[in-house]
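Engineer: Below you'll find the structure I mean.
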Amino acid sequence: MSAPRASVKSRPTRIQGEAEPRVPVLKDASLESVADFINQGKAKNIIVMSGAGISTAAGIKDFRTPGTGLYDDLKRFNLPYPQAVFDISFFKPTLTHYFLPLLAKKGLLLRSYTQNIDMLERLTGLDPDLLVESHGSFATSKCIKCDTMVDSDIVKKHILKSEIPHCKKCGGLVKPTITFFGEELPPRFGTLAMVDFKKCDLLIVLGTSLQVEPFNRLITRVPESCPRLLINRERAGEDIYGGFDFNGKWKYPNVRDALFLGSCDEGTRKLAKLCGWEDELQAMYEAGNIKMQEAEELEALTLAKEQEEEEKAGTNVKGGSKDTKDTKDTKDTKDTKGAKDAKNAKSAKDVKDTKDSDDLDSLTERFQATNLSSTTEKADAKKDSKETPYKVASKTESKIKNSDPSVK
């Protein structure tokens, strides 16, 4: 016979509120603990996620910083949207940007994912294969009608001349391959993200408020054992499911999130110093600035030379047009003079012909008058020979009287 069952009230119960022990991946939420993790050789596939905050030191505004961000400037500048302030400008990479090729040089960078379209990561010399421009960039351009890729240098020349670039293939408009709100992200983003974040063993998030999806969700794709570091002026990503937990609020099984509040340049410099890389980072930054300065001067000289050649070509064309005009004017003057001379000659000829005609008519009239007079006189003489002497004398006398006024 079985023993009687104990009552429910007498059964032992689990202590309420007792949490399972958490595994400390990092000693604490400090930057020093992340540096220790790197120095111990535990980080070999680092992924860096970055936003507008890494470019503010280059003079490019971010979106959400109170008082200085673009969203706070909307009313003051009467802008329809924050992107309206962007223009073609030249900016230099910051110290934080050079932290990326430094990690690559150490063989620690798996990939850099950026929300920025300013191409400053490229200007540091970072291998494009290690870069994912999640929202596109000005580095490439394509036709919005047929998707034909177009050389960005050609597009840049059109823009600098205030001209609209068109596709030579279909005539459609050409724009940089940047992603606007409502458009799909580049295929490269989704393809690499599916693979990279599974391999990640240290995630560093720089200068982003993690407000834009799907980029902000990437912080949840790393393994649970992967440490995560946020370097930003304010806390972010704590309200995302599976997001940051800096003070144990969400009671994740692993203690793995670290936070540095401050500028990105301050945070990356301190992390580099803790890892023993500060001098190397500074040297890369200074060498990069010198290279950028030389590139800027070379570009200015190139543009000046091109402008000079264009102005020279324009002057030659203008001069040629002037010469052509002068030649035409000379020809027109010559033709006009010739026509005038011809007209004068014709007029002279007409006058001469008229004069000759008049002379001929006068001569004819005189000739006819002379002939008529001669004929009349002959007729009169013949008639007079048959008349009486009286009549002859009488006619002769009349004739003398008519010809001589003195004769009465």
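Engineer: How far apart, in nm, are the 7 Å Cα→Cβ label points at Glu309 and Glu280?
Structural biologist: Those two pseudo-labels are separated by 4.3 nm.
Engineer: 7 Å from Cα along Cα→Cβ at both Lys169 and Lys27: what's the point-to-point distance in nm?
Structural biologist: The modelled label-to-label distance comes out at 5.7 nm.
Engineer: Given points 7 Å out from each Cα along the Cα-Cβ axis, report the Cys146 to Phe181 separation in nanometres with one decimal.
Structural biologist: Going from the Cys146 label point to the Phe181 one covers 3.3 nm.
Engineer: Would you mind checking the stretch 248-264 for residues with the amide N under 19 Å from a putative spin-label position 7 Å along Cα→C-beta of Lys42?
Structural biologist: Backbone N within reach: 248, 251-260.
Engineer: Another question, then. Using 1/(1 + (r/R0)^6) with R0 = 22 angstrom and r between the beta carbons of Phe91 and Ala139, what's the FRET efficiency to the nearest 0.05? It would help to have the intermediate numbers written out before the result.
Structural biologist: Values: r = 14 Å, r/R0 = 0.65.
Efficiency, rounded to the nearest 0.05: 0.95.
Engineer: For Glu280, Glu32, give me the order by solvent-accessible area with a 1.4 Å probe, most accessible first, ignoring ligands, DNA and RNA.
Structural biologist: Working: Glu280 50, Glu32 75 Å².
I get Glu32, Glu280, largest accessible area first.
Engineer: Rounded, prolate or oblate, given the Cα gyration tensor of the stretch 106-227, with a/c below 1.5 counting as rounded? Each step should come with its number before you reach the end.
Structural biologist: On the way: a/c = 2.53, a/b = 2.08, b/c = 1.22.
Cα axes put the stretch 106-227 in the prolate bin.
Engineer: Oh, and also: For Val255, what residues show an amide H to amide H distance below 5 Å, using hydrogens built from the backbone and excluding near sequence neighbours?
Structural biologist: Residues meeting the amide H criterion: Val23, Val25, Leu26.
Engineer: Continuing with the same structure: Provide the per-residue ³J(HN,Hα) series for the stretch 277-294, in order, calculated from phi with Karplus coefficients 6.51, -1.76, 1.60 and θ = phi - 60°, each as a whole number of Hz, with x at glycine and proline positions.
Structural biologist: 10, 4, 4, 5, 5, 5, 5, 5, 5, 5, 5, x, 5, 5, 5, 5, 5, 5
Engineer: Continuing with this model, one more query. Work out, step by step, the length gained on full extension between Asn289 and Met194: first 0.36 nm times the residue separation, then minus their alpha carbon distance; give nm to one decimal. Let's see the in-between values first.
Structural biologist: Details: separation 95, 0.36 × 95 = 34.20 nm, distance 3.52 nm.
Once the chain is fully extended between Asn289 and Met194, it gains 30.7 nm.
Engineer: Distance check, please: which entries in Lys44/Lys198; Lys105/Lys291; Lys106/Lys270; Lys27/Lys270; Lys175/Lys305; Lys42/Lys249 exceed 24 angstrom between their Cα atoms?
Structural biologist: Details: Lys44/Lys198 13 Å; Lys105/Lys291 18 Å; Lys106/Lys270 17 Å; Lys27/Lys270 18 Å; Lys175/Lys305 27 Å; Lys42/Lys249 26 Å.
Beyond 24 Å: Lys175/Lys305; Lys42/Lys249.
Engineer: While we're on this one: Given 0.36 nm per residue, what is the gain on full extension from Glu297 to Thr220 after removing their alpha carbon distance, in nm?
Structural biologist: Details: separation 77, 0.36 × 77 = 27.72 nm, distance 4.43 nm.
Residue separation times 0.36 nm, minus the Cα-Cα distance, leaves 23.3 nm.
Engineer: Follow-up. Which value, in Å² and to the nearest 10, is the accessible area of Phe91 when all protein chains are kept and the probe is 1.4 Å?
Structural biologist: We get 60 Å² for Phe91.
Engineer: At 0.36 nm per residue, minus the direct Cα-Cα distance, what do Lys105 and Glu213 gain on full extension? Give it in nm, one decimal, please. Can you show the working numbers first?
Structural biologist: Details: separation 108, 0.36 × 108 = 38.88 nm, distance 3.06 nm.
Extending this stretch completely gives an extra 35.8 nm.
Engineer: Can you tell me how the stretch 241-296 classifies by the Cα gyration tensor, rounded, prolate or oblate, using a/c under 1.5 as the rounded cut? Numbers along the way, then the final one.
Structural biologist: Details: a/c = 4.16, a/b = 2.71, b/c = 1.53.
Verdict is prolate for the stretch 241-296.
The values are calculated or read from the model by the stated rules, or taken from the named source; none is laboratory data. The shown structure was predicted, so the numbers you read here are calculated from the model rather than taken from an experiment. Don't worry about glycine lacking a Cβ; one is built from the backbone with ideal geometry, like all the others, and counts go over all protein chains shown. These area figures cover heavy atoms from the full protein model, side chains too; ligands, DNA and RNA do not enter into them. Shrake-Rupley method; radii C 1.70, N 1.55, O 1.52, S 1.80 Å.
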